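Chemist: Sharing a structure here in structure tokens format.
Here, each number is a calculation from the coordinates, and none is a lab measurement. Predicted, not measured: the structure shown is a model, and the values here were computed from it. So basically every Cβ, Gly included, is an ideal-geometry build from the backbone, and we count neighbours across all protein chains shown.
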């Protein structure tokens, strides 16, 4: 998410970091580079122009903090304006007090709407400890009802069965009756995918909305739709008065510019973002965290959330032990850490949340991807317990046997063992409190 944009923005500020004073010409050049980076990320031209105008205004108005370098002062201004561009703060889900809350989730076909409903049920039940009932009124696509039912089984929510031979209003009436009878806190309704220029579908959905009068109407949009998203959201908002947006597929190769444009151009907040395929891969949209990622500062809070939500307490305790081993850190510890990284979304998800300068030119992270993790696991699984505990004994004859057992070349085994050596050095430094602050924060979190 935003990797390309973050790299460009970081490079721009890196080039002015050594300047003791920024002349007006250099500031203009920097602003032009930022403009091009944002436009290449598919941010709306209107938003970019307004953004740069505000930055220029702040540069002339702001009292310069002499404790910061000129580039740091400029970054501070850019960070603040990025946050404001996306909405300043996060927007929580609105629950009614002591009565049933109803939320409809609408969107275009293929936007990830049904999956987002299940993810939202998982998130809200976990975050708010609410009793949730989920129903599908997508009677036009039989597979949608079955898909949602199977997804809801992975959550703590309950599923209300509907059928394609029922009328949508009939399903809603029965679901509301069930929800009130069993005192559910929230009824989540997955609607049929609708296109804004399909008048028949839109009128039907409008009748449903008028009947339900939901407290929340969330619109699901695929981030890969690009700037067309703005027009689509505005068209739906004219009819349905949207309370928020769920932006999906931010983990894809999308440039992500729509995330920076939605709030400014539609006045509707992004409430949630989809960042993966797992049931827990829906996050509350935090403008400040996103802005810091774009500026290459990382997102430690989201990383901590991932650790807390996706790793069990027993596993955290084991991780704590690996962090405290130092020179005794072995391949069993290494494989444990790899498994936990996979649980929080994989290496790419981890790197996305770390400051860019943390992994630039880091030998531990060079040429490491999800496939490498699979190979490393296979390599370690082909070792004896003695080899796992004492990797220094692994010489050529042992590597040859491990290569045959795992299907991995000796050259690759050498590379992965070198990665292990680098990780061991990091663990030693963490134990001695000498490593970069980012690892110290992770360590402090793990030993709470």
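Chemist: Ranked highest first by average number of other Cβ atoms within 10 Å, how do 214-221, 136-143, 244-251 line up?
Modeler: Numbers: 214-221: 22.2, 136-143: 17.6, 244-251: 23.8.
Ranking the peptides 214-221, 136-143, 244-251 by packing returns 244-251, 214-221, 136-143.
Chemist: Multiplying the sequence separation of residue 241 and residue 381 by 0.36 nm and subtracting their Cα-Cα distance, what value in nm do you get?
Modeler: 44.9 nm
Chemist: Taking 0.36 nm per residue of separation and subtracting the Cα-Cα distance, what length does fully extending residue 131 through residue 7 add?
Modeler: Residue separation times 0.36 nm, minus the Cα-Cα distance, leaves 40.4 nm.
Chemist: Using the alpha-carbon centroid of each, what span in Å lies between the stretch 158-177 and the stretch 387-417?
Modeler: Taking the Cα centre of each part, the stretch 158-177 and the stretch 387-417 sit 58 Å apart.
Chemist: Restricting things to alpha carbons, find the Rg to Rh ratio for the stretch 87-214 using the Kirkwood radius for Rh. Don't skip to the end; give the middle numbers.
Modeler: Values: Rg = 14.1 Å, Rh = 14.9 Å.
Using Cα coordinates only, the ratio equals 0.95.
Chemist: What's the center-to-center distance, using Cα atoms, between the stretch 111-143 and the stretch 1-54 in Å?
Modeler: 39
Chemist: Separate question: At residue 421 and residue 170, where each label point lies 7 Å from the Cα along Cα→Cβ, what is the point-to-point distance in nanometres?
Modeler: Taking the two extended label points, one gets 7.2 nm.
Chemist: Taking N as the number of residues in the stretch 3-86, what value does Rg over Cα atoms divided by 2.2 N^0.38 Å take?
Modeler: So the stretch 3-86 has a normalised radius of gyration of 1.04.
Chemist: From the Cα trace of the stretch 101-294, what convex hull volume per residue do you get, rounded to a whole Å³? It would help to have the intermediate numbers written out before the result.
Modeler: On the way: hull volume 21.2 nm³, N = 194.
Measuring per residue, one finds 109 Å³ for the Cα hull of the stretch 101-294.
Chemist: Between residue 414 and residue 196, take the C-beta separation as r, use R0 = 45 Å, and let me know the FRET efficiency to the nearest 0.05.
Modeler: With R0 = 45 Å, the Cβ-Cβ based efficiency is 0.20.
Chemist: At a 10 angstrom cut-off on C-beta neighbours, averaged per residue, how do the peptides 279-287, 388-396 rank from highest to lowest?
Modeler: Averaged packing, sorted descending, gives the order 279-287, 388-396.
Chemist: Something else: Roughly what would the spin-label model give for residue 50 and residue 392, points 7 Å off Cα along C-beta, in nm?
Modeler: Distance between label points: 6.3 nm.
Chemist: Expressed in nm to one decimal, what extension gain is obtained for the pair residue 14 and residue 183 from 0.36 nm per residue of sequence separation less their Cα-Cα distance?
Modeler: Difference between extended and current length: 55.2 nm.
Chemist: Further question on the same structure: Could you work out how far apart the two model spin labels at residue 36 and residue 277 are, taking each label as a point 7 Å from the Cα in the direction of the beta carbon, and quote it in nm?
Modeler: Each label point lies 7 Å from its Cα, and together they span 3.7 nm.
Chemist: Going by how many other beta carbons lie within 10 Å of each one, how would you line up 403, 243, fewest first?
Modeler: The order, fewest Cβ neighbours first, is 403, 243.
Chemist: Another question about this same structure. Once Rh for the stretch 19-171 is found with the Kirkwood sum over Cα pairs, what is the Stokes-Einstein diffusion coefficient at 10 °C and 1.306 mPa s, in µm²/s?
Modeler: Details: Rh = 19.9 Å.
Taking Rh from Cα pairs, D becomes 80 µm²/s.
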